[in-house]
Structure formats: C-alpha cells, structure tokens
Amino acid sequence: MKKKSDSTSTLICPCCRKEITPADAKRVLARSFLTWGDVRQKVAPELLQSARYQWACDACLHSGKAIMAEPDKQQYVDHPPFLAYFDLQKKCKTCGQDYIFSAKEQHYWYETLKFWVQSKPVACADCRRKKRQEKKMN
Ligand SMILES: [Zn+2]
Ligand SMILES: [Zn+2]
C-alpha cells in the first residue's frame, strides 16, 4: 500500500491518466490562468481534479501527446477553457462509429474558428464531410 505523503490529494493527468508529482503539479498551475471578465486568475489546485478542466502534465506536452492551449484565444463564459488539448475518443451520432477528435482539430475549433468551449462535434469527420457535400448539392 502506498502511503499518502500529505493532505493534498493526488492529481491525475487527464491525458495519460498517470499520477503527477507535486513538482509537476506546481508547473501545471504556474502556467494555468483564466480570465473571467476583467479578472485574471490562477487555476486553483483543486480545480485540476474537476472533470470540467482539460489539462495535461509536462510529460504529455513534451511527448506531443498533448498540446498547450491558450485560454485567452478561446470563447468561454460559464465553462472553463481548455488548458491543453489531446486526442479524445467520441462516438458519432450519425453512423455510431467511434472516432478521434484530435488535439489539432480541437485547437483549430476553439482557437481559430473560435467555437465556444462547450461545443463538441456530434458526428465523425466523414459524416460531417458528407453532410457538407449534401448541403452543397441542394
Ligand atoms: Zn499526462
Ligand atoms: Zn460518422
């Protein structure tokens, strides 16, 4: 059995699902801040345990498994922005297949196209392409 070293609960990286060290957690927090209206605020350590926050540990960022996000470029009001992007598995509502909503795609959606951070694709890339083509034909 592993002994808990201190009262702060352990942090699990949402990307690799590995427990991160306190030093690692400090670095994550040091680079994570949010802007709510005029208030620029650091992310509280306990918020990193919330499933609403998408962030990644140093190892994931260095290996390229995750890419750094820039909250300032995202559209968010009542939902936290992305602190990092990594591939997510989703189920397509049109064809029912599993597909990957990639880190790069998320970066493009939320920071270039400026979609709200709550918006998620409902269909896989193939189905979305088909739908666009159908629209064009009509
Ligand atoms: Zn990680
Ligand atoms: Zn599909």
inquiry  = Going by what's in this entry, would Lys73 be described as closer than 18 Å to Pro121 by Cβ, touching an Asp or Glu at 6+ places or on another chain (Cβ under 6 Å) and surrounded by 12 or more Cβ atoms within 10 Å (Cβ to Cβ)?
reply    = no
request  = Mind counting the residues in region 89-98 that are out of contact with any helix residue (DSSP H, G or I) (no Cβ under 7 Å at 6 or more places or on another chain) and either among the acidic types (Asp, Glu) or closer than 17 Å to Arg129 by Cα (or both)?
outcome  = 6
request  = Would you mind telling me which numbered condition in (1) surrounded by 13 or more Cβ atoms within 10 Å (Cβ to Cβ); (2) in contact (Cβ under 8 Å) with a residue 12 or more places away in the chain; (3) under 30 Å from Arg132 (Cβ atoms) Tyr108 fails?
outcome  = (2)
remark   = Flagged in region 121-138 as in a loop (DSSP other than H, G, I, E, B) and surrounded by 12 or more Cβ atoms within 10 Å (Cβ to Cβ), in numbering order, are Pro121, Val122, Ala123, Cys124
query = Counting only residues that are surrounded by fewer than 13 Cβ atoms within 10 Å (Cβ to Cβ) and at pLDDT 55 or above, which one in region 1-17 is farthest from Gln89 (Cα to Cα)?
reply = Thr8
message = Any residue that is away from ligand 2 (no atom under 16 Å from the Cβ), more than 14 Å from the chain's Cα centre (by Cα) and not polar (S, T, N, Q) - is there at least one of those in region 103-125?
response = yes
inquiry  = Could you go through region 76-93 and let me know if any residue there is within 22 Å of Pro14 (Cβ to Cβ), exposed (fewer than 15 other Cβ atoms within 10 Å of the Cβ) and within 16 Å of ligand 2 (Cβ to nearest atom).
reply    = yes
inquiry  = Just to check your reading of the model, which residue among Ala44, Ala23, Ala51, Ala66 is within 26 Å of Ala125 (Cβ to Cβ), out of contact with any strand residue (DSSP E or B) (no Cβ under 9 Å at 6 or more places or on another chain) and either buried (at least 17 other Cβ atoms within 10 Å of the Cβ) or small (Gly, Ala, Ser) (or both)?
reply    = Ala51
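The values are calculated or read from the model by the stated rules, or taken from the named source; none is laboratory data. Computed from a predicted structure; not experimentally measured. Every residue, glycine among them, receives a Cβ derived from its backbone with ideal geometry; neighbour counts consider all protein chains shown.
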